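Written below as structure tokens is the structure these notes are about.
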Amino acid sequence: MRELVYYAAVSLDGRIAAPSGAFDAFLAEGDHVDAINADWADTVPGAVYDALGLTAPRGRFSTVLMGWNTFAAGLPFTDDPYPHLEQIVFSRSRGQGDVGPGVRVTAEDPRAVVADLKSRDGADIWLCGGGDLAGQLRDDIDRLVLKVNPRVFGDGLPLFAAAYDPVPFALERSRTFESGVVMNQYRRA
Ligand SMILES: NC(=O)c1ccc[n+]([C@@H]2O[C@H](COP(=O)([O-])OP(=O)(O)OC[C@H]3O[C@@H](n4cnc5c(N)ncnc54)[C@H](OP(=O)(O)O)[C@@H]3O)[C@@H](O)[C@H]2O)c1
């Protein structure tokens, strides 16, 4: 069955962005970026993929899920960030007029949307974020892929905005880069 994979960059103290939503504290250069472009090409925005002339295969994911704030973080650049994927954005305040033609905005229950996606054939589902949406989908996540950046933020938006309720995950793979980034892959235990 296709899996829900939460793939995100995170600080050492579990933050995915500054309190403002800015994410420029994450390392944008280094050998981890080459690995991402090669192995996780689906997660590279379409315009960036094209501009860099990347040719790495895409197909690991078929769908991306975003909360409105995550989608909005990219709006200064594009309203259609991942045209190679089925794009679903969750919002109660926005509609189809606020997004590009390749994006579906919905106020449906995210857990019901994920259950429906999992019941259908396809490649895996990328949970892009943010922490608000991930907190609601915590019990539906099959795998976590965390790009742990060697930074302590001290404050900022959490990987999961959820109540305390420890969920076990098992480490499957860990890859260390010279940049100091460590990519950890976990599956639900
Ligand atoms: N480090 C990383 O890899 C990474 C990855 C992704 C995102 N980010 C960062 O994370 C930040 C956003 O995270 P966030 O936690 O603030 O927000 P988020 O989860 O991206 O978005 C929250 C918004 O999504 C909508 N939403 C959430 N649950 C919903 C539901 N059940 N039904 C309908 N709509 C729902 C609401 O929008 P409305 O108010 O419109 O209803 C809500 O305000 C951004 O700054 C982004 O840059 C970082």
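The values are calculated or read from the model by the stated rules, or taken from the named source; none is laboratory data. Everything numeric in this text was worked out from a predicted model, so none of it was measured. So basically every Cβ, Gly included, is an ideal-geometry build from the backbone, and we count neighbours across all protein chains shown.
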Go through Asp50, Asp80 for me and flag whichever is more than 24 Å from Ile141 (Cβ to Cβ), assigned to a helix (DSSP H, G or I) and not basic (Lys, Arg). Asp50
Reported set for segment 1-58 where residues are within 16 Å of the ligand (Cβ to nearest atom) and of a type in the set (Phe, Trp, Tyr) is Tyr6, Tyr7, Phe23, Phe26, Trp40
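Any idea which residue in segment 10-29 is surrounded by the fewest Cβ atoms within 10 Å (Cβ to Cβ), counting only those that are in a loop (DSSP other than H, G, I, E, B) and among the aliphatic types (A, V, I, L, M)?
Within segment 10-29, the match that is surrounded by the fewest Cβ atoms within 10 Å (Cβ to Cβ) is Ala28.
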Restricted to segment 156-176, and to residues that are more than 19 Å from the chain's Cα centre (by Cα) and either part of a strand (DSSP E or B) or within 16 Å of the ligand (Cβ to nearest atom) (or both), which residue is surrounded by the most Cβ atoms within 10 Å (Cβ to Cβ)? Thr176
Does Asp132 meet the test of being surrounded by 13 or more Cβ atoms within 10 Å (Cβ to Cβ), away from the ligand (no atom under 16 Å from the Cβ) and at pLDDT 95 or above? no
Can you tell me which condition Val145 does not meet? The list is (1) outside any loop (DSSP other than H, G, I, E, B); (2) buried (at least 20 other Cβ atoms within 10 Å of the Cβ), and all the others hold. (2)
Test each condition in (1) more than 14 Å from the ligand (Cβ to nearest atom); (2) surrounded by 14 or more Cβ atoms within 10 Å (Cβ to Cβ); (3) more than 16 Å from Gly102 (Cβ to Cβ) for Asn69 and report the one that comes out false. (1)
If you scan segment 84-128, which residues turn out to be closer than 18 Å to Arg2 by Cα, in a strand (DSSP E or B) and either of a type in the set (Gly, Ala, Ser) or within 7 Å of the ligand (Cβ to nearest atom) (or both)? Cys128
The condition from (1) surrounded by fewer than 19 Cβ atoms within 10 Å (Cβ to Cβ); (2) closer than 27 Å to Arg92 by Cα that Arg188 misses is numbered (2)
